[in-house]
Amino acid sequence: MPNPISVIIENQNSAGGAFITNEQGLLPPFVTTKYVVEDQGNSSPRYVRYRSSLYCIPAIADLLKTTALSITLTVSPMARTVEGEYEPPIVNFGELGAIRCNRCKAQ
């Protein structure tokens, strides 16, 4: 079993620095890793923590159903940015209000 401290240090050395959000197949840095997000259209790991139960989601619905794997995400919409990152854009829909889910009415 790997030593957790050495794994954290290794991740800091390999994934520390800039994290570009649109690179396919790139796993997000650990929570303990110090990094700066370069937003290229996808959400920063600070907001949608990418601490998912699945990092590779089956493309075929039958395969997902057969394996009975659940998909979960940890969402932190009020996470703080670090120095060198842009604040997320704020969208005002005016009288229409916030966009809501048609099924459950969540925002």
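Figures for the structure shown
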{"read-out": "Only Lys, Arg (+1) and Asp, Glu (-1) charged, at Cβ; the chain dipole about Cα centre in debye", "value": "520 debye"}
{"read-out": "In Hz, Karplus ³J(HN,Hα) per residue of segment 93-105 (6.51, -1.76, 1.60; θ = phi - 60°; x = Gly, Pro)", "value": "8, x, 5, 5, x, 6, 6, 10, 5, 5, 7, 10, 6"}
{"read-out": "Spatial separation of Cα centroids for segment 6-26 and segment 64-107, in angstrom", "value": "23 Å"}
{"read-out": "Amide H partners (placed H, <5 Å) of Val36, local residues excluded", "value": "Gly17, Ala18, Phe19"}
{"read-out": "q = 0.12, 0.15, 0.16 Å⁻¹: log10 I(q)/I(0) that the Debye formula gives for the chain, counting C-alpha atoms only", "value": "-0.59, -0.86, -0.95"}
{"read-out": "Relative intensity, log₁₀ I(q)/I(0), of segment 45-107 from a Debye sum that treats every alpha carbon as a point, q = 0.21, 0.29 Å⁻¹", "value": "-1.03, -1.16"}
{"read-out": "Percentage relative contact order, the chain, counting C-alpha pairs under 8 Å, at least six apart", "value": "20 percent"}
{"read-out": "Residue among Ile20, Gln40, Ile5 farthest towards the positive dipole end of the chain, charges placed on Cβ", "value": "Ile5"}
{"read-out": "Residue among Ile57, Leu96, Ala106 farthest towards the positive dipole end of the chain, charges placed on Cβ", "value": "Ala106"}
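Any read-out appearing in this document is the output of simple, stated calculations on the displayed coordinates, not a laboratory observation. All figures in this text were calculated on a predicted structure; none of them were measured in a lab. Using ideal geometry, Cβ is built from the backbone for each residue, glycine included, and neighbour counts are taken over all protein chains shown.
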